[in-house]
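Data block below; observations after.
The values are calculated or read from the model by the stated rules, or taken from the named source; none is laboratory data. Everything numeric here is computed off the predicted structure, so don't read it as measured data. So basically every Cβ, Gly included, is an ideal-geometry build from the backbone, and we count neighbours across all protein chains shown. Areas reflect the complete protein model, heavy atoms only, side chains present, ligands, DNA and RNA absent. Shrake-Rupley method; radii C 1.70, N 1.55, O 1.52, S 1.80 Å.
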Amino acid sequence: MGEIIGLVGVGLMGAAMSESLIDSGYEVQGFDIDAQRLNELEERGGRAAASPGAAAEGAGAVILSLMTSDIIREVCFGPGGLVEVKPEGLLVIDTSTSRPEDSIANAEKLREHGIAFVDASLSGSSPMIRSRNIVAMVGGEGVDFDRARPILERFARSVYHLGANGAGARTKLIVNLILGINRMAVAEGLCLGMKAGMDMETLLTVLKDSFAYSKAMENRGERMIKAHYEDPMSRLFQHHKDVGLMLEQGQNMGSPMPLTAALKQILVSAEANGQGQWDTASIIEVLRRGAGIPSR
């Protein structure tokens with residue numbers, strides 16, 4: 001039997017992490033409020049737990065893959081949470097995209113219960129986890145980073161220690177800020193090409209071979225021109241949530257963010273059009289509508 005890893009949150013990213021960890025020989029016991037996700041975890045060879053605390057029983061580390069700081073707090077400190085179990089020497093590896101200040105507060109409070117914490121935000125998508133091509137950005141004490149690193153390396157090609165708690169979460173917001181603006185630029189350029197009646201496959205090939213190339217173009221360009229949105233690598237509503245955190249950081253620190261503010265307005269329009277559960281490539285639909293190009 002392998003080492004036990006707890007997992008709380010078995011959505012797109014959590015499911016991919018569970019696959020990689022199980023394939024690496026870990027025993028994964030997970031919790032999610034969605035029973036179907038737990039059924040799928042068991043089909044992959046994992047075990048379903050009845051609560052976040054139960055997912056931590058017997059585990060050396062618990063990975064969190066959750067939507068918001070409020071949910072993370074509930075998982076850690078609420079009924080059935082991690083502090084109720086108080087497993088000896090537990091390490092919490094929070095891969096969620098959350099407010100840096102909340103990561104700092106959670107780390108301090110968990111330490112009072114003898115639980116170590118690192119914010120280990122991930123840059124990439126669920127398919128990139130499966131191909132061990134994701135980047136992990138970690139904030140926390142050095143000894144805790146050393147414990148988290150071999151676990152993260154099961155699905156990450158690079159694992160960086162950015163400093164104290166909160167540094168990983170803040171770096172992830174900066175990465176997603178630049179990525180989101182790159183994605184918006186790709187959508188804007190492709191929409192112009194559509195309006196001009198260009199051959200879109202040829203245009204995309206040229207763009208990828210030019211100095212305009214970006215990973216956002218590589219990962220989302222084809223989806224944009226083919227309107228392939230409903231099998232998401234990452235969902236639009238999640239990116240919209242992250243953009244709100246980015247703007248909050250900019251306001252708190254007095255750093256202007258005009259491009260991010262413009263991106264937020266596009267995301268508001270996309271969600272109002274019912275695109276929240278679609279892939280982030282669907283931001284191009286807002287521009288298509290503005291250009292009078294029929295949606296597909």
Take the solvent-accessible surface of the protein heavy atoms, probe 1.4 Å, and return the percent of it on segment 78-156 that carbon and sulfur atoms account for.
46
Helix-derived [θ] at 222 nm for the chain: sum -39500 (n - 2.57) over DSSP H runs of at least 4, divide by residue count, nearest 500?
-16500 deg cm²/dmol
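Rolling a 1.4 Å sphere over the protein heavy atoms, what is the accessible area per residue of the chain, to the nearest Å²? Please report the intermediate quantities before stating the final value.
Details: 13110 Å² over 296 residues.
Dividing the accessible area of the chain by its residue count gives 44 Å².
Give me the one-decimal Kirkwood hydrodynamic radius in Å for segment 24-124, with the sum taken over alpha-carbon pairs. Let's see the in-between values first.
On the way: mean 1/r = 0.0724 Å⁻¹.
When all Cα pairs of segment 24-124 are included, the Kirkwood radius is 13.8 Å.
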Just name one of Asn182, Ala270, Gly197: the one whose Cα is farthest towards the positive end of the charge dipole of the chain (beta-carbon charges, Lys/Arg +1, Asp/Glu -1).
Gly197
Using 5 Å bins from zero, what percent of all Cα-Cα pairs in segment 45-89 falls into each bin?
5, 23, 32, 26, 11, 3
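What share of the DSSP beta bridges in the chain is antiparallel, in percent to the nearest 5? If you can, show how the numbers build up before the last one.
Values: 6 of 31 bridges.
If we restrict to bridges inside the chain, about 20 percent are antiparallel.
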Rounding to the nearest 10 and keeping the result within 0 to 90°, find how far the Cα-based axis of helix 200-209 lies from the longest principal axis of the chain.
60
Roughly what would the spin-label model give for Lys109 and Lys86, points 7 Å off Cα along C-beta, in nm?
1.8
Take Glu101 and Arg157, extend 7 Å from each Cα along the Cα→Cβ direction, and tell me the distance between the two endpoints in nm.
3.6
Between Phe211 and Gln251, what is the label-to-label distance in nm when each label sits 7 Å out along the Cα-to-Cβ direction?
3.7
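Please report the equivalent ellipsoid semi-axes of the chain, computed as sqrt(5 x eigenvalue) of the Cα gyration tensor, largest first, in whole Å. Before the final figure, lay out the partial values.
Working: eigenvalues 254, 83, 58 Å².
Largest first, the chain gives 36, 20, 17 Å.
Over all pairs of distinct alpha carbons, what does the Kirkwood formula give as the hydrodynamic radius of segment 98-180, in Å? Walk me through the numbers before you get to the answer.
Working: mean 1/r = 0.0782 Å⁻¹.
One decimal place: 12.8 Å for the Kirkwood radius.
Could I get the Rg over Rh figure for segment 162-296? Both from C-alpha atoms, Rh via Kirkwood, rounded to two places.
Details: Rg = 15.4 Å, Rh = 15.5 Å.
On the Cα set of segment 162-296, Rg over Rh gives 0.99.
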Using 1/(1 + (r/R0)^6) with R0 = 45 angstrom and r between the beta carbons of Glu188 and Asp70, what's the FRET efficiency to the nearest 0.05?
0.85
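For segment 49-206, what is the convex hull (Cα atoms) projected area averaged across all directions, in square nanometres? Don't skip to the end; give the middle numbers.
Numbers: hull surface 44.2 nm².
Hull-based average projected area comes out at 11.0 nm².
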Calculated SAXS-style log₁₀ I(q)/I(0) at q = 0.15, 0.22 Å⁻¹ - segment 72-141, Debye, Cα scatterers:
-0.53, -0.93
With a sphere of radius 13 Å drawn around the Cβ of Leu41, what net charge do the other residues whose Cβ falls strictly inside it have (Lys, Arg +1; Asp, Glu -1)?
-4
Leaving out ligands, DNA and RNA, and with a 1.4 Å probe, what % of the accessible surface on segment 13-68 is carbon or sulfur?
47
